[in-house]
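Structure record follows, encoded as structure tokens.
The values are calculated or read from the model by the stated rules, or taken from the named source; none is laboratory data. Everything numeric in this text was worked out from a predicted model, so none of it was measured. When we count neighbours, we look across all protein chains shown, and the Cβ atoms used for this are built from the backbone with ideal geometry, even at glycine.
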Amino acid sequence: MHDIHYAITPADPAAHLFRVRCVIRKPDPEGQILSLPAWIPGSYLIRDFAKNIVSISARDAGDNTLTLHRLDKHSWQAPPARGELRLDYEVYAWDPSVRAACLDTEMGFFNGTSVFLRVHGREQVPCSVAIEPPAAPWGPNWRVATAMPRLDAKPHAFGTYQAADYDALIDHPVGLGSFTLGRFEAAGAAHEVALFGRHHADMDRLCRDLKPLCEQHIHMFDDKPPVDYYLFLVRVVGEGYGGIEHRASSALVCARDGLPQSCTPQDAVDERYRELLGLFSHEYFHTWNIKRIKPAAFTPYDLQRENYTELLWAFEGITSYYDDLGVLRSGLITPESYLEMLGRLVTRVLRGKGRLRQTVAESSFYAWTKFYQQDENAPNAIVSYYAKGALIALCLDLLIRQTTAGERSLDDVMRVLWERYGKTGTGVPEDGVETAAREIGGDELKTFFDKALRSTDELPLQELLHQAGVTMYLRAAEHPQDKGGKRRADGAPAVGVDSGLRFKADGNSLIVIAVDAGGAAQRAGVSPGDKIIACNGLQASNDRLVWELAAAAPGDELRLHAFRRDELMEFQLELQAPEADTCYLEVDSGADGERLQIRRGWLGR
Ligand code: ZN
């Protein structure tokens with residue numbers, strides 16, 4: 001047992017309660033302060049995890065009850081005490097995401113940020129953690145999945161684990177339950193995949209594909225990975241997609257049908273599996289880019305409040321660029337398949353009018369209140385530092401390849417960042433990424449950065465792609481579900497007009513989710529939340545609206561009846577010609593010389 005020791009038990013799975021004990025051998029003689037973080041690194045929103053502590057008590061070495069003084073919404077102070085201080089508390093855990101904690105009779109999951117009190121002033125002290133099994137009848141076959149180093153626990157068993165300091169303690173999420181385990185080696189390091197939840201996944205196939213995917217990221221940065229063990233902790237659900245990165249693991253949520261099944265052809269990568277490989281790739285790339293190459297603003301994290309940086313475009317955007325590119329580089333998909341994904345990414349960015357209002361530097365800075373708290377006006381007001389950030393990374397990569405005649409690329413910038421900041425543990429200053437890029441690509445990148453990061457000007461995608469032997473085409477959307485990436489299907493019915501409505505079907509009505517700034521719907525007064533019950537005098541449905549739009553020409557009117565609250569409203573929309581905001585990319589077969597060389601360096605042969 002270390003000087004700071006925690007014991008966590010899934011005490012009452014049916015009530016979603018973890019019981020935690022924290023023992024401090026040498027508490028602050030002035031009165032020990034304890035708190036839970038307000039947020040979890042990797043997800044930039046104040047979540048106030050302490051709100052889930054449903055009971056807390058303190059005792060001294062003589063087992064006398066101590067009165068805890070409440071300091072604020074997430075902090076307590078114990079009275080001055082001699083000898084050991086012991087805290088017992090219960091945490092309500094029923095958050096299905098990967099950002100907090102969850103417990104039921106099937107499985108348990110927790111991040112340290114949700115369950116382990118920070119012992120103020122002792123953050124650098126190593127601690128031990130006893131992870132205990134639930135009492136009968138629950139969890140007879142449960143095991144433990146975590147990258148937290150073991151103290152006396154056997155692999156995947158309940159027992160005692162350890163962390164070098166508080167920062168490490170909260171950076172090793174833990175999964176409890178009966179899970180499927182896959183194992184592979186990447187560049188000599190052991191990697192594991194733990195799948196929780198019901199599934200029919202072909203684990204051999206998954207591991208076979210993840211190996212080259214992880215290896216190409218490793219080899220881009222260095223010869224060996226920064227960890228000797230890595231864990232993908234995956235929760236399989238019906239519908240879901242997302243993840244959060246940690247120093248030696250990541251916690252992912254994925255859809256059952258996105259996983260490869262034993263019946264799927266062994267070399268086929270369908271759209272959903274391609275997307276899932278992109279997620280694994282994304283979280284794994286973060287092992288370098290943000291977990292070790294880290295903004296100075298996060299070095300160290302201030303866990304009580306928002307930590308501001310304008311660099312999230314680099315940490316999330318560059319990571320988003322390399323996630324799909326990594327799937328291509330590992331040979332799992334073709335360049336055509338990769339270009340389809342890239343075309344869809346361009347489409348997503350072009351369709352958001354918010355890109356004309358907000359820069360990616362602003363989007364990064366205000367992540368806490370805007371990107372992470374999106375409302376119906378988000379498409380008109382903000383730009384994603386993920387999506388536009390990935391396009392900026394693409395532009396940078398192509399620009400550097402162009403200015404260095406194919407000799408250097410964004411890979412070289414990442415290696416500079418790794419050597420300079422990642423390996424030394426130094427925080428990246430706000431201008432650190434730009435400086436590194438200019439060292440590799442030349443000072444002419446300054447103009448690009450000013451425009452790309454600090455203005456809302458369009459990115460020079462078309463020109464840069466052309467120089468890389470790829471042609472970028474723009475067309476109007478064919479139908480409301482058209483995500484782009486592909487040329488117009490022969491004979492496809494075209495939507496000849498744009499209504500500026502974003503909606504979802506709800507029985508015999510359509511609920512307006514958002515209206516495009518300056519679009520036909522907004523000009524006619526349609527608002528988010530309106531419940532459309534008729535289009536041109538006929539009962540509303542998705543098919544009806546699509547049909548009415550297909551039959552219309554620019555300048556025609558569309559009559560909508562809708563309820564706003566309980567009041568019936570009527571709107572006349574003057575339909576507009578659709579914008580060419582749907583992108584697809586094709587290899588230019590006529591490209592030769594330097595253009596061909598750049599394309600080969602970028603997409604492979
Ligand atoms: Zn990310």
Item checked: Qualifying positions in region 447-501 - under 25 Å from the mean Cα position of the chain (by Cα) and not charged (D, E, K, R) -> Phe449, Ala452, Leu453, Ser455, Thr456, Leu459, Leu461, Gln481, Gly484, Gly485
Checklist line | Single residue of region 241-261 satisfying the filter (within 11 Å of His199 (Cα to Cα) and either within 16 Å of the ligand (Cβ to nearest atom) or not acidic (Asp, Glu) (or both)) that is modelled with the lowest pLDDT | finding: Gln261
Next item on the list: Return only the number of the condition from (1) over 22 Å from Val383 (Cα atoms); (2) more than 12 Å from the ligand (Cβ to nearest atom); (3) touching a residue at least 40 places away in the same chain (Cβ under 8 Å); (4) outside any loop (DSSP other than H, G, I, E, B) that Ser281 does not satisfy.
Entry: (2)
Notebook entry, point to check: Residues of region 262-274 being of a type outside the set (A, V, I, L, M, F, W, C) and either within 16 Å of the ligand (Cβ to nearest atom) or over 21 Å from the mean Cα position of the chain (by Cα) (or both), which ones?
Noted result: Ser262, Thr264, Pro265, Gln266, Asp267, Asp270
Item checked: Failed item in (1) touching a residue at least 60 places away in the same chain (Cβ under 8 Å); (2) under 29 Å from Trp142 (Cβ atoms), with Arg274 passing the rest -> (2)
Next item on the list: Could you please find all residues in region 1-20 being of a type in the set (Ser, Thr, Tyr) and in a loop (DSSP other than H, G, I, E, B)?
Entry: none
Check: Does region 222-229 include one or more residues that are buried (at least 18 other Cβ atoms within 10 Å of the Cβ), closer than 24 Å to Gly331 by Cα, in contact (Cβ under 8 Å) with a residue 12 or more places away in the chain and more than 16 Å from the ligand (Cβ to nearest atom)?
Finding: yes
Checklist line | Residue list for region 21-51, restricted to those being part of a strand (DSSP E or B) and either at pLDDT below 95 or under 24 Å from the mean Cα position of the chain (by Cα) (or both) | finding: Ile40, Ser43
Notebook entry, point to check: Counting only residues that are assigned to a helix (DSSP H, G or I) and closer than 30 Å to Ser75 by Cα, which one in region 298-333 is farthest from the ligand (Cβ to nearest atom)?
Noted result: Phe298
